[in-house]
Amino acid sequence: MIARNVCCVALVVMLLPLIVVCSLATPALAADNVLSEQDKAAGWMLLFDGKSLDGWMTNSQKPSQRPVDDGFINPHKCGGYMMIHEKAWGDFVLALDFKISPRCNSGIFIRTFPLTPRPGKDVGFNGIEVAIDDTKAAGFHDTGAIYDLVKTTKNVMKPAGEWNHIVVTCDKNLIAVELNGDVVSRMDLDEWPEPNKRADGSPHKFDVAYKNHPRQGYIGLQDHGADCWFKNIKLKPLNRK
């Protein structure tokens, strides 16, 4: 028994340097809802601190009826069509993580302006939506598509309950969506001069000529009847002089 214990101690002593090296080589998981020093140096801004809804409100410019949900923004039952960040943005890169509940239908709105809906229309007609849906197809209404305007090239959405990473770039007339590492949709607003008509001439639902759509507006997280959670929401402004 003594000999066996001595052997075990000797083995641990021999392996200890290797254990230390491996532990140092394994990067620590980044904390949620904070900026790294690299993020700060690159010009990223944190839009959600994971603790409060400071800077966020409904599209009616009222406080959300749903508080922070375990470090996440959940727009479902917030009291409005969407939760918006308080500042209007023009050219930017928006990055965030999201997960959905089964059969969820939600979206990320960009350049939403103004916040007052037109008669007979919801405020979504005033913005451009990046679709978030619990689907497996690759069409106009699937995750990563520019809703009803540009199809997603592929469906790389993870199953309900798993986190996804999305990056949306608005650079003057160009919009691009990257989902889980793949660029899945692009749009050149200058190629959309007519209402209800896509760049290829096919019809869509919006009576908007996107060539003339405001190039600055609000970012929104849509409540479309199901739970959807957002975290690590950060933005990098572009084209500032």
- Task: With the condition kept exactly as written, say whether any residue in the stretch 159-175 is under 22 Å from Lys211 (Cα atoms), aromatic (Phe, Trp, Tyr) and either modelled with pLDDT of 95 or more or surrounded by fewer than 19 Cβ atoms within 10 Å (Cβ to Cβ) (or both).
- Result: no
- Message: Which count do you get for residues in the stretch 205-239 that are in contact with a strand residue (DSSP E or B) (Cβ under 7 Å, 6 or more places away or on another chain), closer than 30 Å to Ser101 by Cα, not hydrophobic (A, V, I, L, M, F, W, C) and not in a strand (DSSP E or B)?
- Response: 3
- Scanning the stretch 177-201 residue by residue, the ones that are crowded, with 18+ Cβ neighbours inside 10 Å and either in contact with a Pro (Cβ under 6 Å, 6 or more places away or on another chain) or assigned to a strand (DSSP E or B) (or both) total 6
- Message: Of the conditions (1) assigned to a loop (DSSP other than H, G, I, E, B); (2) over 15 Å from the mean Cα position of the chain (by Cα); (3) among the small types (Gly, Ala, Ser), Gly144 satisfies every one except a single condition; which number is it?
- Response: (2)
- Would you point out the residue of the stretch 43-64, among those that are in contact with a strand residue (DSSP E or B) (Cβ under 7 Å, 6 or more places away or on another chain) and more than 14 Å from Phe230 (Cβ to Cβ), that is surrounded by the most Cβ atoms within 10 Å (Cβ to Cβ)? Asn59
- Query: Could you count how many residues in the stretch 76-101 are more than 27 Å from Gly43 (Cβ to Cβ) and in contact with a Leu (Cβ under 9 Å, 6 or more places away or on another chain)?
  - Reply: 1
- Note on the structure: Taking the stretch 77-119 and keeping residues of a type in the set (Ser, Thr, Tyr) and either assigned to a strand (DSSP E or B) or surrounded by 21 or more Cβ atoms within 10 Å (Cβ to Cβ) (or both) leaves Tyr81, Ser106, Thr112
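The values are calculated or read from the model by the stated rules, or taken from the named source; none is laboratory data. For clarity, every value in this text was computed on a predicted model and none was experimentally measured. We place every Cβ from the backbone using ideal geometry, glycine too, and count neighbours over all the protein chains shown.
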